[in-house]
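Remarks on the structure that follows.
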Amino acid sequence: MSGTAPVGYVHAARLGTAGPDTAAALAPVLRAGLGAGGSVVLACSAPLAAALQDQLPGPGVHTVDPAPLQGRAPDALAGYSALLDRFGGTRSRVQLVTDSVGLLGPGMAAWLQTEALLNHVLADRAVDHFCMLDEADLGPEVARALACHPGLLGGDGVLDNPDRQDPAEVLRSLWAAPGPDPLETTRPTLEVEDVVSLRDLRRALTASLADGPLDPDEAGDLVLAIDEVVSNAAEHGVPPVDVRLWVTEQRVLCVVADRGQGFDEPLAGYGPAHGRDLSVGGMGLWLARRAVDRMTTAPLAHGDGCVVRLVIDPRTA
């Protein structure tokens, strides 16, 4: 092959168990990719990886630990990008295999979020991504899981999925009507109306989080995320910018509100605004997404402003 690798992310699903039958169905497609000069990356559970290795002898097949592709959506997306930076070439496509084993660790919503966002974040990458989905893992979420995949892998190769949904549509279905959190009916741990000094705000946030459930690194990341959202509101919204923080034993919630028009774009912040060139800025929401488990935007009550909610579900007991 000559020139550069063809771009465009192909994301295809197949229902089945992680074992020999699934490997037998997938192997011909992977062999075709290898024959075209591509590589195969098996980031799947051990039974499926072993079955595929038996059917794909020779160079060009790599088995990796799938753990970096699981967990919180921001971490998983970073894991996928790092994996493709490692194995992606300039002249061929990568054939990536994952499966649903272990998806319940971070929770079904986190996994569905990742699967939907891959179509957005990796849109320009030269990857054929085959997701093997076990109905026993997915339970009642089979239909929504399949909807995250524009393609379906069948006996004739990858076919268009007529039930696919756009990533934004999937995210909205996960957090429909992101209205007030139940914690907002209680007294906040910290309340700052009309933020004037970001430095003072960071100090107050750090102090309020010191005795909470987050470890120091997580607390520092959250302070950075709130700082970025407040800065974004100050630059693009309408003052005053108000901040309220709730710190409980189980979770942490921060609400940032301003009086601007706001936006309803669930994909905003999943990638720097100017692509991979961070020197030109536009990365505030991207940094915030990386630091929290969930960030939603919605109009304020009566439509007189915009509110951004940032949530961290602590990984510590």
Seminar exercise, completed: Given (1) loosely packed, with under 14 Cβ neighbours inside 10 Å; (2) within 24 Å of Gly16 (Cβ to Cβ); (3) touching a helix residue (DSSP H, G or I) at 6+ places or on another chain (Cβ under 8 Å), Leu159 misses just (3)
For this session: With the checklist (1) part of a helix (DSSP H, G or I); (2) at pLDDT 65 or above in hand, flag the one item Ser279 doesn't pass.
Result: (2)
Exercise. Does the stretch 63-78 hold any residues that are surrounded by 15 or more Cβ atoms within 10 Å (Cβ to Cβ), at pLDDT 90 or above and not hydroxyl-bearing (Ser, Thr, Tyr), and which are they?
Worked result: Val64, Pro66, Pro68, Leu69
Exercise. Pairs, please: C-beta under 9 Å, at least 6 apart or cross-chain, first residue free of Cβ contacts under 8 Å to residues at least 24 places away in the same chain and within 30 Å of Val292 (Cβ to Cβ) and in the stretch 57-80, second open to solvent by 20 Å² or more (accessible area, probe 1.4 Å) and among the acidic types (Asp, Glu)?
Worked result: Pro68/Asp75
Problem set entry | strands (runs of 3 or more DSSP E) (entirely within the stretch 99-198) containing at least 3 residues that are under 21 Å from the mean Cα position of the chain (by Cα) | 127-133
Exercise. Within the stretch 84-91, can one find any residue that is touching a helix residue (DSSP H, G or I) at 6+ places or on another chain (Cβ under 8 Å) and either modelled with pLDDT of 80 or more or open to solvent by 30 Å² or more (accessible area, probe 1.4 Å) (or both)?
Worked result: no
Exercise. Restricted to the stretch 162-194, and to residues that are at pLDDT 95 or above and touching a strand residue (DSSP E or B) at 6+ places or on another chain (Cβ under 6 Å), which residue is most open to solvent (accessible area, probe 1.4 Å)?
Worked result: Glu193
Problem set entry | Subset of the stretch 19-36 [farther than 14 Å from Phe130 by Cβ and surrounded by 15 or more Cβ atoms within 10 Å (Cβ to Cβ)] | Gly19, Pro20
Exercise. Of all residues in the stretch 137-149 being touching a Lys or Arg at 6+ places or on another chain (Cβ under 9 Å) and open to solvent by less than 30 Å² (accessible area, probe 1.4 Å), which is farthest from Gly88 (Cα to Cα)?
Worked result: Leu138
Exercise. Out of curiosity, is Leu52 in contact with a helix residue (DSSP H, G or I) (Cβ under 8 Å, 6 or more places away or on another chain) and open to solvent by 10 Å² or more (accessible area, probe 1.4 Å)?
Worked result: no
For this session: With respect to Gly58, determine if the residue is modelled with pLDDT under 95, more than 30 Å from Ile312 (Cβ to Cβ), open to solvent by 10 Å² or more (accessible area, probe 1.4 Å) and touching a Ser or Thr at 6+ places or on another chain (Cβ under 6 Å).
Result: no
Exercise. Exactly one of (1) in contact (Cβ under 8 Å) with a residue 60 or more places away in the chain; (2) surrounded by fewer than 18 Cβ atoms within 10 Å (Cβ to Cβ); (3) within 22 Å of Asp21 (Cα to Cα) is unmet by Asp134. Its number?
Worked result: (2)
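The values are calculated or read from the model by the stated rules, or taken from the named source; none is laboratory data. All figures in this text were calculated on a predicted structure; none of them were measured in a lab. Note: ideal-geometry Cβ built from the backbone for every residue, glycine included; neighbour counts use all protein chains shown. For the accessible areas, the whole protein counts, side chains as well, though only heavy atoms, and no ligand, DNA or RNA atoms are used. Shrake-Rupley method; radii C 1.70, N 1.55, O 1.52, S 1.80 Å.
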